[in-house]
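The values are calculated or read from the model by the stated rules, or taken from the named source; none is laboratory data. As the structure is a prediction and not an experimental result, all values here were calculated from the model. All Cβ positions, glycine included, derive from the backbone under ideal geometry; neighbour counts span all protein chains shown. To get the accessible areas, we keep the full protein, side chains included, count just its heavy atoms, and leave off ligands, DNA and RNA. Shrake-Rupley method; radii C 1.70, N 1.55, O 1.52, S 1.80 Å.
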Amino acid sequence: MDKNINDILEYLQKFNGFNYSAYHIGMLERRIKNRIVKTNTDNVHNYYSFLTTIPDEPKRLTENFMINVSNFFRDPLCFELLARIFIPDLVKEKQKLNDDTLRVWSAGCSHGEEAYSLAILINEFREHEKLDLNLDLFATDYDEKAIESAQNGTYSPGSMKEVKLGLVEKYFVVKDGKYTVIPELKSMVHFSVYDLLQKNSHAPSESIFGDFDLILCRNVLIYFNLDFQEQIINRLHKSLAANGILVLGESEVLLPRHTDKFRPQSTYCKFFKKTGS
Ligand SMILES: C[S@@+](CC[C@H](N)C(=O)[O-])C[C@H]1O[C@@H](n2cnc3c(N)ncnc32)[C@H](O)[C@@H]1O
């Protein structure tokens, strides 16, 4: 009998636990078709044989599902708002509580561009304001390779377009046309592998208890179907401290069922304040 897309996804689930039911089926189909073209297998049936006989192919296909596109200070307006309004406000609120540690999570951090951008932004803020502010910054992704590359912290010029010249000089070493973050910046971010769909915990174990003041989960939800978007949002809500801020990607929305959990904070960007517990 001819094999179809579901056979491919079921094989992958048995092979490496890939939870395909969480993702938009259209996105998965497009990615499988990419692999059919790249492997010259012509159709789904032939590709299924290829997938089940060539040892590296399940890994390649799974990697193909993970879209890691990112860059430093992606959506500059979002970082501008963080720098001018949200970080100063969060810090003010913490000071009132005699708390000098800001807890931040970049969830779905890809190769680390977003997390390092946050580290630069917050470091610039505390230097400028001469603040004694500790930063607990966690950055996680499902994709082990992306996390390895984030820990290496070396980037091509394409991902640096939005980094201001002074900041490039201060936070990067340039060699052979590549930009590597300096050790001081690296030491500000705790990277780890973490699956946003895992059931056992609502926050990365390194962070121990979550309680984040700020979570960026941008351009991640778009890959999931509505049920799993809901699961992820619930988890992020649980991980936020009271009045914590959640930032989504430009094209992402909260579901109507989440309106009692978050209050929108900006007409320009996707900033939401946690309400309720
Ligand atoms: C397009 S990137 C977004 C990177 C960054 N947040 C940004 O906006 O530039 C999407 C990331 O989500 C990650 N991802 C996909 N499924 C995931 C899951 N179940 N748990 C954690 N991360 C996941 C992918 O590996 C990928 O690195």
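Working carefully through the options E252, E206, find the one that is in contact with a strand residue (DSSP E or B) (Cβ under 9 Å, 6 or more places away or on another chain) and open to solvent by less than 20 Å² (accessible area, probe 1.4 Å).
Numbers: E206 fails: open to solvent by less than 20 Å² (accessible area, probe 1.4 Å).
It is E252.
Test V189 against the stated conditions and say whether it is open to solvent by 20 Å² or more (accessible area, probe 1.4 Å), within 16 Å of the chain's Cα centre (by Cα), within 19 Å of F138 (Cα to Cα) and not polar (S, T, N, Q).
Judged against the criteria, V189 is not a match.
Taking the stated definitions as given, is N219 in the same structural domain as Y155 (by TED's automatic domain parsing) and assigned to a strand (DSSP E or B)? Steps first, please.
Working: in the same structural domain as Y155 (by TED's automatic domain parsing): yes; assigned to a strand (DSSP E or B): no.
No; evaluated as a whole, the condition is false for this residue.
Of the numbered conditions (1) within 16 Å of the ligand (Cβ to nearest atom); (2) modelled with pLDDT of 95 or more; (3) among the basic types (K, R), K145 satisfies every one except a single condition; which is it?
The failed condition is (2).
Listed residues L102, L97, L61; which is assigned by TED's automatic domain parsing to the domain that holds C269 and under 21 Å from the mean Cα position of the chain (by Cα)? Talk me through it step by step, then tell me what you get.
Numbers: L97 fails: under 21 Å from the mean Cα position of the chain (by Cα); L61 fails: assigned by TED's automatic domain parsing to the domain that holds C269.
The conditions single out L102.
N152: within 15 Å of P183 (Cα to Cα), open to solvent by less than 40 Å² (accessible area, probe 1.4 Å) and in contact with a strand residue (DSSP E or B) (Cβ under 9 Å, 6 or more places away or on another chain), yes or no? I'd like the intermediate steps shown before the answer.
Details: within 15 Å of P183 (Cα to Cα): yes; open to solvent by less than 40 Å² (accessible area, probe 1.4 Å): no; in contact with a strand residue (DSSP E or B) (Cβ under 9 Å, 6 or more places away or on another chain): yes.
Answer is no for this residue.
Within the range 211-225, how many residues are surrounded by fewer than 21 Cβ atoms within 10 Å (Cβ to Cβ) and away from the ligand (no atom under 15 Å from the Cβ)?
So the count comes out to 1.
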